[in-house]
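Right, one structure below, let's go through it.
We did not get these values from a lab; they are worked out from the coordinates using the rules stated. The shown structure was predicted, so the numbers you read here are calculated from the model rather than taken from an experiment. Here the Cβ positions follow ideal geometry from the backbone for every residue, glycine too, while neighbour counts run over all protein chains shown.
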Amino acid sequence: MIIVIKPNTPRDQIDEVIAEVSKLGYDPRAIFGTNQTVIAAIGDEQTHHTLTSLMAMPQVEQVMPVQKRYKLVSRESHKQSSVVNVDGVEIGGSKFVMMAGPCSVESEEQLLTTARAVKKAGATILRGGAYKPRTSPYEFQGLGKEGLRLLQVAKKETGLKIITEVLSEYDVEHVAAAADILQIGARNTQNFRLLIECAKTGKPIMLKRGLSERIDEWLLAAEYILSHGNPNVLLCERGIRTFETYTRNTLDLAAVAIAKKESHLPVIVDPSQGCGRADLVSVLCRGAVAMGADGLLIEVHPNPAEALSDGAQQVDFNSFGELMTDLSKFLKANDRSL
Ligand code: PEP
Ligand code: MN
């Protein structure tokens, strides 16, 4: 930590700060300038008391942390990119992973036809929400346990692995029994109790970035999962809320590059929630590959016009097939393969 003292502070008041730094367990080293003094506080910021409380002293101008607050997720702590093994499907290595399926599980026919179509096109993981976080309580809330059962039926028939959202701590046990990856949605990214309960299952967890979440907050949310003993975390950029109205959210592709630099965890991009428009999904996929993402999560529906949720952003089977063909050139150019 670096503590900056206000200009022209008398020596006795500087000494007060130095004494407080020692008291809080750090080794203080003061650098006295002509007008201004800076105190370097040596110590492990991860285990010691945070010195930001020193801002309460009137002679302190600023307290700046030197260490990153996230430790286990950082590339500093783990140079190699992590590979998360989802029951035999590796995510984060040279292979690129496609997760696709409907926004919501609506019926057996809807789910099974979609599962077959996305598998044929090259997906290895089936998405489908059984518990849906809807803005309005009057909108379709998902089929719940019946949705989980249908996901199991689709898995049995196709061999696709399953990713589905856990909305609440109450659902962790039965969602974990049906899913290969637990999805934590954008509205729950900082629901720390939920993160801890999901971590305890030991299952791979895909952590979406929150609607208005900074990258450091997103990484700190992932840190909750790793620090509770579960290293199998996938980060997912799914667009953030901005002033723009042409798209539902602003897909932050720079965040993908930053997350890859800052962290060793695999990064997935969700262009469907990321823009909210089916016509943009394919080009955003190209962008995600170019930025170094390790996989994509795409909403696919047999007939998007009839979808019970997120119809405007779901692509149909034809468009998904075309998207996959288009993407293969971009994957090759980036030394990735399906
Ligand atoms: C979804 O994947 O359908 C979803 C609800 O995602 P998010 O949490 O990113 O809004
Ligand atoms: Mn959706």
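For q values of 0.19, 0.20 Å⁻¹, compute log₁₀ I(q)/I(0) with the Debye formula on a Cα-only model of the range 246-338, without solvent.
With one equal scatterer per Cα and no solvent, log10 I(q)/I(0) is -0.87, -0.95.
Quick one: order Glu322, Glu109 by neighbouring beta-carbon count within 10 Å, fewest to most. If you can, show how the numbers build up before the last one.
Values: Glu322 13, Glu109 10.
Least to most surrounded, the residues fall as Glu109, Glu322.
Among Tyr170, Tyr138, Tyr26, Tyr224, rank each residue by its count of other Cβ atoms within 10 Å, from fewest to most, as a rough exposure measure.
On the way: Tyr170 11, Tyr138 7, Tyr26 21, Tyr224 24.
Sorted ascending by nearby Cβ count, the order is Tyr138, Tyr170, Tyr26, Tyr224.
For a bin width of 10 Å, list the pair-distance distribution of the chain built from all Cα-Cα distances, rounded to whole %.
6, 24, 29, 18, 10, 8, 4, 0
Given Leu220, Ala123, Tyr246, which one lies farthest toward the positive end of the charge dipole of the chain, if we put +1 on the Cβ of every Lys and Arg and -1 on the Cβ of every Asp and Glu?
Farthest towards the positive pole: Ala123.
Ranked by Cβ crowding within 10 angstrom, fewest neighbours first, how are Phe243, Phe96, Phe317 ordered? Could the numbers behind the result be given before it?
Values: Phe243 5, Phe96 22, Phe317 18.
Taking fewest neighbouring Cβ atoms as first place, the list is Phe243, Phe317, Phe96.
What are the extents of the Cα atoms of the range 156-215 along their three principal axes, listed from largest to smallest and rounded to whole Å?
39, 20, 16
Taking the Cα centre of the chain as the origin, how large is its charge dipole in debye, to the nearest 20, when only Lys and Arg (+1) and Asp and Glu (-1) carry charge on their Cβ atoms?
Values: 38 positive and 41 negative charges, 126 e Å.
The dipole of the chain has a size of about 600 debye.
Taking all pairs of distinct Cα atoms, average 1/r, flip it, and tell me the Kirkwood hydrodynamic radius of the range 49-166 in Å to one decimal place.
Details: mean 1/r = 0.0562 Å⁻¹.
One over the average 1/r among Cα pairs gives 17.8 Å for the range 49-166.
What FRET efficiency would be calculated for the residue pair Glu217, His174, taking the C-beta separation as r and a Förster radius of 25 Å, to the nearest 0.05? Walk me through the numbers on the way to the answer.
Working: r = 29 Å, r/R0 = 1.16.
For R0 = 25 Å, the calculated efficiency reads 0.30.
Per residue Cα convex hull volume for the range 22-65, in cubic angstrom? Intermediate values should be presented prior to the final figure.
Details: hull volume 3.2 nm³, N = 44.
Spelled out: Cα convex hull of the range 22-65, divided by residues, is 73 Å³.
Could you work out the Kirkwood radius for the range 1-79, taking every pair of different alpha carbons, averaging 1/r and inverting it, reported in Å? Could the numbers behind the result be given before it?
Working: mean 1/r = 0.0759 Å⁻¹.
Radius from the Kirkwood sum: 13.2 Å.
Report the dimensions of the range 102-167 along its three principal axes from the alpha-carbon atoms, largest first, rounded to Å.
Cα spread of the range 102-167 along its principal axes, largest to smallest: 35, 20, 19 Å.
Which value in deg cm²/dmol, rounded to the nearest 500, describes the helix-derived mean residue ellipticity at 222 nm for the chain, given -39,500 (n - 2.57) per DSSP H run of n ≥ 4 and division by the residue count? Write out the running numbers ahead of the final one.
Details: 10 runs with 115 residues, N = 338.
Estimated from H runs of four or more residues: -10500 deg cm²/dmol.
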